[in-house]
Amino acid sequence: MSEESGRRNLRMPNDDEVFAVVTQHLGGNHVRVRCADGETRLGRIPGRMKYRNWINEDDVVLVEPWSWQDEKANIEWRYSSEDAEQLRAEGHIQ
């Protein structure tokens, strides 16, 4: 993080990943997400994130839609609230 600007280098999506906002927690390891491409998908929280990163409603996440079932996706990354504000300020998400 640079001292004067406060900007951090954040993880950006690969070719097969998109930004998303969690809209509903469905219980267990499933959430409903609204993706930046306009789709609403069922997101699955993988075991490696399940107990380390608590995912709540209105969190900004990075998802990878399934290639064989486009209405579902895996959660790949969760952004902190400060990182989400930076993404909004830079115009990556709304």
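The values are calculated or read from the model by the stated rules, or taken from the named source; none is laboratory data. Everything numeric here is computed off the predicted structure, so don't read it as measured data. Here Cβ is always computed from backbone atoms with ideal geometry, including for glycine, and neighbour counts include all displayed protein chains. Side chains included, ligands, DNA and RNA excluded: accessible areas come from the protein's heavy atoms. Shrake-Rupley method; radii C 1.70, N 1.55, O 1.52, S 1.80 Å.
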Considering the dipole of the chain built from charges on the beta carbon (Lys and Arg +1, Asp and Glu -1) around the Cα centre, which of 47, 24, 9 is farthest to its positive end? 47
Charges only on Cβ, +1 for Lys and Arg, -1 for Asp and Glu: so what's the dipole of the range 37-85 about the Cα centre, in debye to the nearest 20? 480 debye
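Across the chain, where is the longest run that never hits trypsin sites (Lys or Arg not before Pro) in a DSSP loop with at most 16 other C-beta atoms within 10 Å?
Counting at most 16 other Cβ atoms within 10 Å as exposed, the longest clean stretch of the chain is 53-94.
With a 1.4 Å probe and every protein chain left in place, work out the accessible area per residue of the chain in Å², rounded to a whole number.
Working: 6120 Å² over 94 residues.
Computed with neighbouring chains in place, this is 65 Å² per residue.
Can you list which of the chymotrypsin sites (Phe, Trp or Tyr not before Pro) found in the chain are DSSP loop residues with at most 13 other C-beta atoms within 10 Å? It would help to have the intermediate numbers written out before the result.
Numbers: sites: 19, 51, 54, 66, 68, 77, 79; in loops: 51, 54, 66, 68, 79.
The qualifying sites are 51, 54, 68.
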Share of accessible surface on carbon and sulfur in the chain, whole %, 1.4 Å probe and ligands ignored, is 43 percent
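Just subtract the alpha-carbon distance of residue 48 and residue 16 from 0.36 nm times their residue separation and send over the number in nm, one decimal.
Working: separation 32, 0.36 × 32 = 11.52 nm, distance 1.99 nm.
Length difference between fully extended and current span is 9.5 nm.
Using the Cα centre as the reference, give the magnitude of the dipole from point charges on the C-beta atoms of the chain (Lys, Arg: +1; Asp, Glu: -1; all else neutral), rounded to the nearest 20 debye. Numbers along the way, then the final one.
Details: 13 positive and 18 negative charges, 97 e Å.
In total the dipole reaches around 460 debye.
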Would you indicate which of [x] 107, 43, 22; [y] 43, 27, 20; [z] 59, 33, 29 is the value of Cα extents along the principal axes in Å derived from the coordinates of this structure? [y]
Using a basic spin-label model with each label point 7 Å from the Cα along Cα→Cβ, how many nm lie between residue 92 and residue 80? 1.5 nm
